[in-house]
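What follows is a short report on a single structure.
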Amino acid sequence: MRSTDPGMLRGHLWTIAPNLRHQLRPLRAPASEPWSTIIDDPQVGPVQLTGELQHTAQRDAICVLVHGLGGSIDSQYMIRAASVLSARGVGCLRLGLRGADRQGDDFYHAGLTTDLEAAIASPQLADYQRVYVLGYSLGGHMTLRSGLAPQDSRVRAVASICAPLDLAASAMAIDHPRRRVYCNHVLAGLKEIYREVAERRPVPTPWPIVEQLKTIREWDRHVVVPRHGFASVDDYYDSQSAGPRLADIHVPAMIVACTGDPMIPPPTLHPSLSAPLPDHVHTHWVRGGGHVAYPARVKLGQPGPRGIEHQILTWMERQ
């Protein structure tokens, strides 16, 4: 799809504008309390995860939100979703993946479901009877990976928005010169995380080298592969990509993609979403919108309020 295509131009607008608005007039998150838990990582020792937790009085259902690559719990889509959950009386944990709080504990990768599993198993969520998981972009990929082998029977449904299902194809797409602005934005967040880690403990690649990285594939080769023990970048992509494994997801799952997404373009998703999938794995292509941002009028075939998070939550509650 050429950059002059009107649909792609709208996709760029929908991707960039919400972030600019959030920088100029930050969205205000619903009232919440700090959350944290500790993971005992076999390679680096104790790793602290942090986030923000919105409780409900009944402690019936809670949704864990997972941010995208280089993002955080304060990303505009995380706050937007938290507001929808609060309005509908559903608990919410905005989970920060390891290192996303810029506290220097460690850094994550697309298939590292340990953080999500630890959050769901944390004492603060123990009273909730039903757990949903909603992930955005790379967080959506991690969410789908967690559905391949759910660790907690309370997880009733998972959903992803704009997830990169084929890691190799997605990295190649975002590394293209036409998407340089997006690649630079993601790398800026990742480098912040890495710099904080490098200041506190030994890292696999010296910071001056990481500081000069220009592509996601370079990031994965110099950072993810040596830290997490993959044989190569291709080994990382092949072994962790959720797309070829969607038929093996064990819980109800919804996968939402956008025809105008400039960061995760449709050709990178078609092979995964065109394959036969079981009835409990639902896919939706949405026209209009951009990467992790959609018009308020969006419907996914669910009753009740329009809007991407409203529609996904309605579907989750029916599982």
*Roughly speaking, what is the centre-to-centre gap between the stretch 77-123 and the stretch 279-308 when only Cα atoms are used, to the nearest Å?*
22
_Tell me the Rg and the Dmax, in Å, that the Cα atoms of the stretch 1-77 produce._
18.0, 51
_For a Förster distance of 25 Å, can you work out the FRET efficiency between the beta-carbons of ASP152 and SER274, rounded to the nearest 0.05?_
0.20
*Estimated distance in nm for a label pair at ARG28 and ALA126, the labels positioned 7 Å out from Cα along Cα-to-Cβ*: 3.5
*Anyone know which of ALA87, ALA159, ALA110 comes out most mobile in the 10 Å Cα GNM of the chain?*
ALA87
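What are the semi-axes of the equivalent ellipsoid for the stretch 1-159, taken as the square roots of 5 times the Cα gyration tensor eigenvalues, largest first, in whole Å? Walk me through the numbers on the way to the answer.
On the way: eigenvalues 140, 74, 52 Å².
Output for the stretch 1-159: semi-axes of 26, 19, 16 Å.
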*About its Cα centre, how strong a charge dipole does the stretch 6-317 have in debye, to the nearest 20, once Lys and Arg get +1 and Asp and Glu get -1 at the Cβ?*
1200
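Quick check on the stretch 6-317: what does the Kirkwood estimate of hydrodynamic radius come out to from the alpha carbon pairs, in Å?
On the way: mean 1/r = 0.0514 Å⁻¹.
It works out to 19.4 Å.
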_Over the Cα atoms of the stretch 94-164, what radius of gyration and what Dmax do you get, in Å?_
11.9, 33
*Report the antiparallel proportion of the DSSP beta bridges in the stretch 6-317 as a percent, rounded to a multiple of 5.*
35
_Kirkwood hydrodynamic radius, the stretch 224-266, all distinct C-alpha pairs: what's the number in Å?_
12.9
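Every read-out reported here was derived from the displayed coordinates using simple, explicitly stated rules and does not represent laboratory data. Predicted model, so just to flag it, every value in this text is computed and none were measured. With ideal geometry, Cβ positions are generated from the backbone for all residues, glycine too; neighbour counts draw on all protein chains shown.
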